[in-house]
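Reviewing the structure listed below.
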Amino acid sequence: MENGAVQKELQLEGRSQEEKLCMVVIMGVTGAGKSYFINKLAGREVTEEGDSLHACTQGCQMIPLEIGGTKVLVIDTPGFDEAKRSDSEILTEIARLLSAQYELGVELKGIIYIHRITDIRYGRAAAKTFEIFKKICGEKPLKNVLLVTSRWTDGMDEKLGSQREGELKENFWAYMLDKGSKMSRFYGDHDSAVMLVSQLLIKDSVVLEIQRDLVDHGKKLNETAAGAYVNDSLEDLKTEYRKELASLEKLHEDLILEQDRTKKRRIQKGLEREKTHLEEASEQQVSLRRRIGDEVREGIKQKRSMPQILSKVLPTVLDILGAFVGIPPGVISVAGSVVGSAVSSWFLSV
Ligand SMILES: Nc1nc2c(ncn2[C@@H]2O[C@H](COP(=O)(O)OP(=O)(O)O)[C@@H](O)[C@H]2O)c(=O)[nH]1
Ligand SMILES: [Mg+2]
């Protein structure tokens with residue numbers, strides 16, 4: 001049996017039915033309404049929502065909910081379109097969390113991908129986030145993917161909405177739908193959110209391609225499909241920076257006799273900027289060459305050897321996962337507890 005699978009078996013063994021822990025991951029671009037969806041699902045504000053002017057820059061967040069008797073860890077993820085964080089940084093974070101979940105034997109029930117039906121165009125950010133998401137999944141787990149359109153209640157015209165749904169179905173989402181993903185609407189309220197998540201909870205759990213690659217096969221992140229995509233995009237960016245740098249260098253040489261100091265300074269600044277960009281892109285490529293699965297396994301081993309979490313399976317799993325994902329202050333204030341204490345108080349009843 002493969003390594004991750006053995007761990008999974010061991011973890012599940014001895015854990016009674018009511019202790020079974022599931023996970024559902026929410027993905028989509030920044031502003032798609034992931035945090036809004038989770039707050040509606042929880043029936044209270046557990047994770048911070050952002051607005052268009054102040055996009056929330058936060059890492060992956062874990063919200064423990066109890067939905068119809070099932071304990072579910074709902075994961076809020078950042079989109080691959082954040083100004084302040086690189087794609088490699090965000091992918092690394094998601095990869096670490098997914099590796100930890102798999103390694104710990106938490107059952108991944110599926111992924112909900114949220115897209116605003118009000119969007120006039122399928123923009124670059126949406127296309128990129130969707131592409132990385134697709135590559136994270138691989139083909140087989142696509143039957144556990146829900147492609148959800150949001151903002152139906154924001155004055156969205158039904159006819160126009162249906163027309164956009166048709167375009168999504170035929171163009172961008174055709175491959176996934178063909179492989180078993182389902183398309184649904186989120187009507188912006190609690191019941192609609194519960195209904196969507198419940199559709200995933202009744203399914204058998206899945207293992208994503210990135211999890212098999214990182215945990216079972218010990219690959220480096222840049223050797224996974226998602227990592228290779230981010231690496232290639234960085235390579236394209238570097239080509240652009242190099243071109244820009246070459247033309248600025250040419251200008252710089254021509255300016256040896258130039259008296260205009262402002263112009264000289266501007267070119268000098270441009271040169272420095274392009275060099276910095278180039279270095280940053282190279283650093284991001286280096287950061288993708290990590291064996292995330294091995295790192296996570298080692299991290300879990302260390303956590304397990306800490307005396308305060310040697311007992312009870314469930315707190316251990318939650319506690320360990322807490323090392324790979326943030327827990328929003330909203331959850332902490334509602335649970336009124338700290339990680340590692342009475343675990344039932346952590347799961348907010350929905
Ligand atoms: N009225 C309404 N507002 C929404 C909906 N979804 C998101 N929003 C608002 O849109 C903004 C961005 O949503 P957020 O959940 O933070 O997006 P995220 O980046 O995907 O987490 C926030 O101000 C939300 O309150 C929705 O379905 N209806
Ligand atoms: Mg958010």
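The values are calculated or read from the model by the stated rules, or taken from the named source; none is laboratory data. In this text the structure is predicted, and so the values were computed from the model without any measurement. Methodologically, a virtual Cβ is constructed for each residue, glycine included, from the backbone with ideal geometry; neighbour enumeration extends over all protein chains shown.
Structure values in brief
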item	result
Residue count for the range 283-304, restricted to those that are in contact with a helix residue (DSSP H, G or I) (Cβ under 7 Å, 6 or more places away or on another chain) and at pLDDT 95 or above	10
Residue within the range 10-23 that is modelled with pLDDT of 95 or more and closer than 30 Å to F172 by Cβ present	yes
Residues within the range 66-100 that are farther than 19 Å from A32 by Cα and either assigned to a helix (DSSP H, G or I) or within 14 Å of ligand 1 (Cβ to nearest atom) (or both), tallied	10
Test: residue in the range 180-187 that is of a type in the set (D, E, K, R), free of Cβ contacts under 8 Å to residues at least 40 places away in the same chain and farther than 30 Å from E298 by Cβ	yes
Cβ pairs under 6 Å, 6+ apart, first in the range 192-207 and among the hydroxyl-bearing types (S, T, Y), second crowded, with 17+ Cβ neighbours inside 10 Å and assigned to a loop (DSSP other than H, G, I, E, B)	S192/F186
Single match in L97, L147 (criterion: more than 16 Å from ligand 2 (Cβ to nearest atom) and in contact with a helix residue (DSSP H, G or I) (Cβ under 8 Å, 6 or more places away or on another chain))	L147
Filter result for the condition that a residue is farther than 30 Å from K220 by Cβ, at pLDDT 90 or above and in a helix (DSSP H, G or I), over G270, G330	G270
Hey, G166 within 16 Å of ligand 2 (Cβ to nearest atom) and either surrounded by fewer than 18 Cβ atoms within 10 Å (Cβ to Cβ) or farther than 21 Å from G79 by Cα (or both) or not	no
Pick from the range 201-223, criterion assigned to a loop (DSSP other than H, G, I, E, B) and β-branched (V, I, T), ranking: surrounded by the fewest Cβ atoms within 10 Å (Cβ to Cβ)	I202
The listed residue being surrounded by fewer than 13 Cβ atoms within 10 Å (Cβ to Cβ), outside the structural domain of S99 (by TED's automatic domain parsing) and modelled with pLDDT of 95 or more, out of E258, E279, E253	E279
